[in-house]
Amino acid sequence: MAVLLVFMLTFSCKTVILPLMQPSLFPPPTPQTFTVSKLTFHIRKLLEENETLQDVWVQGEISNLSRPASGHVYFTLKDTNASLRCVMWKTSAARLTLSLRDGMEVEVHGRIGVYEPQGQYQLYADQIRPVGEGALFQEFLRLKAALEAEGLFAPERKRPIPELPKRIGIVTSATGAALRDMLNTLRRRLPLVEVLLAPSSVQGTEAPPALVRAIQLLNSQSPDVILIARGGGSIEDLWAFNDERVVRAVAASRAPVISGVGHETDFTLCDFAADLRAPTPTAAAELATPTTLDDLYFQLSALRSRLLSSTLNLIAERRAALSSLAAQLRYFSPERRVLSETQRVDELSRRMVSSLIHRIELQSLHIKGLTRRLEALSPLAVLARGYAVVTRKEDGKVVSHVRQVKAGTSLQVQVADGAFDAEVTSE
């Protein structure tokens, strides 16, 4: 009966207009015969092609709840007039934060399909929430739209998280596991940081004003960043973080705020108002300490290397400058001028001696030339060729003509290697 109902609802969504035909001209259509498998497949195809039935919320009471070893969850949703078989596969069941039990009133989201071996339709569930969460979600959307219109969630309002915070404030329950996880993370990543805890209720009607007071108290201590966090839960458990007073307190915080409320799939209005959203409280502590102790050690080592390199470079530069100054001092030193002038004196002396020697050599050559010329003009040279100089002994005159002598005149004959006497014997 249930399958037939869905089948009829499916067909009611489609309107087919046929042209009028005269019965006498066309024979009545012959009904099509289906096998059970084909009919079931056809019905399944019709259900799965219906967009409404593939995204549906169904409200009812849980019964016949079963959790086999496979991890899947099987149950029946019922009300006073009908029942609906439901299946939630293991992957979706693992994300459940709600503890299911028989008799619980819930709203289940999923898609309608057909289990062909038994020919029955059922709901393949992917989300389950208690009855009443739907109204809370609508309030969540209304308040989100209103605050977003005010600009409380604008990206330009977001402030950067300090790279190396010295003081971190935490707003959470003093007895929750979230605080322990955050403290362990901060101790592991950056044990030097100072942690300020402003304990607060995180669930119930007293939680919103307590959260506001805690945020204001921490801001009076001037922290570098504030973490507001709690563990996961239902939308009702997390509702304090959707309270308008808390959202405005987060937006008005002087220190940047990291929101780490619930699990990765949970979103609250505080996430949108905060400067940074973390999927979990532990992740919030990690985001609050972008620089870890290992990073500091690495940076310190790098700075030490840079300092050593800079010092060595500075020493080398100063040595070069000192050498340059010493060279300039030596250049202008009187000793350098004395040595230079001494060298110049030596150079001039050497040049003078060289010039004198050269001058003497030239004069010697000149004298030798003159000597050779004198020797060429010397009477001795003529005599050496066999000539003789004859002089009268009485007056020493040179006899150049025969008439200058007569018989008996005493003569002196000068030849190349000496002189001897002679006498004219005849005219």
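Any read-out appearing in this document is the output of simple, stated calculations on the displayed coordinates, not a laboratory observation. Keep in mind that what you see is a predicted model, and the values were worked out from it rather than measured. Ideal geometry is used to build each Cβ from the backbone, glycine not excepted, and the neighbour counts take in all protein chains shown.
Please pull out the direction-averaged projected area of the range 34-131, using the convex hull of its alpha-carbon atoms, in nm² to one decimal place. Walk me through the intermediate numbers first.
Values: hull surface 27.3 nm².
Mean projected area of the Cα convex hull: 6.8 nm².
Computed over the chain with a Gaussian network model linking Cα atoms closer than 10 Å, the most mobile of Pro290, Pro223, Pro117 is Pro117.
Based on Cβ point charges of +1 for Lys and Arg and -1 for Asp and Glu, what charge dipole magnitude is obtained for the chain about its Cα centre, in debye rounded to the nearest 20? Present the calculation step by step, with values, prior to reporting the outcome.
Working: 49 positive and 45 negative charges, 475 e Å.
I would put it at about 2280 debye.
Stretched out straight at 0.36 nm per residue, the stretch from Thr205 to Leu356 would grow longer than its current Cα-Cα span by 42.0 nm. Each peptide in 267-274, 121-128 receives the mean, over its residues, of other Cβ atoms within 10 Å, and ordering these scores from highest gives 267-274, 121-128. For the range 154-291, the Cβ-based charge dipole about the Cα centre amounts to some 480 debye (Lys, Arg positive; Asp, Glu negative; other atoms uncharged).
Scoring 39-52, 303-316, 196-209 by mean Cβ neighbours within 10 Å over their residues and listing the highest first yields 196-209, 39-52, 303-316.
Projecting each Cα onto the charge dipole of the chain (Lys/Arg +1, Asp/Glu -1 at the beta carbon, about the Cα centre), which of Phe140, Thr265, Val250 comes out farthest on the positive side? Of the listed residues, the answer is Val250. Available extension along the chain between Ser66 and Glu105 is 12.4 nm, counting 0.36 nm per residue and deducting the alpha carbon span.
A value for mean projected area of the Cα convex hull in nm² was derived from the coordinates, and within the list (1) 20.7; (2) 70.7; (3) 22.2 it appears as (2).
Note on the range 154-291: dipole from Cβ charges, positive end direction compared against Pro199, Gly232, Thr291; the farthest Cα belongs to Thr291.
Just the number, please: percent antiparallel of the DSSP beta bridges in the chain, rounded to the nearest 5. Write out the running numbers ahead of the final one.
Details: 37 of 57 bridges.
Antiparallel bridges make up about 65 percent of those DSSP assigns within the chain.
Can you tell me which of 210-219, 413-422 comes out highest on packing, and rank the rest after it, using the mean Cβ neighbours within 10 Å? Before the final figure, lay out each step's value.
Details: 210-219: 20.0, 413-422: 12.1.
Sorting 210-219, 413-422 by mean packing, highest first, produces 210-219, 413-422.
Put in order of Cβ neighbour count within 10 Å, fewest first, the listed residues Glu156, Glu148 become Glu156, Glu148.
Give me the distance in nm between label points sitting 7 Å out from Cα along the Cα-to-Cβ direction at Gln363 and Thr342, one decimal. Calculated label separation equals 3.3 nm.
Close Lys pairs in the chain, defined as Cα atoms under 28 Å apart and 8 or more places apart or on different chains, number 9.
Positive end of the dipole of the chain (Cβ unit charges, origin at the Cα centre): among Ser355, Thr33, His109, the Cα lying farthest that way belongs to Ser355.
Cβ under 12 Å from Leu196's Cβ, Leu196 left aside: what net charge do those residues give with Lys, Arg +1 and Asp, Glu -1? Kindly include the intermediate steps, with their values, before the conclusion.
Numbers: positive: Lys166, Arg167; negative: Glu194, Asp224.
Here the charged neighbours net out to 0.
On the basis of the beta-carbon distance and an R0 of 45 Å, Ser309 and Leu217 show a calculated FRET efficiency of 0.45. What's the magnitude of the charge dipole for the range 381-423 around its Cα centre, counting Lys and Arg as +1 and Asp and Glu as -1 at the beta-carbon? Answer in Debye, nearest 20. Dipole magnitude for the range 381-423 comes out near 200 debye. Taking a ≥ b ≥ c as the square roots of the eigenvalues of the Cα gyration tensor, the range 154-291 is rounded, since a/c falls below 1.5.
Residues of the range 189-209 with amide nitrogen under 18 Å from the 7 Å Cα-to-Cβ point of Asp295? Hits in the range 189-209 for Asp295 at 18 Å: 189-195. Computed from Cα atoms, the angle from the helix 207-219 axis to the main principal axis of the chain rounds to 20 degrees.
Annotation for Glu394 and Glu48: the two label points, set 7 Å from Cα along the Cα-Cβ direction, are 17.9 nm apart.
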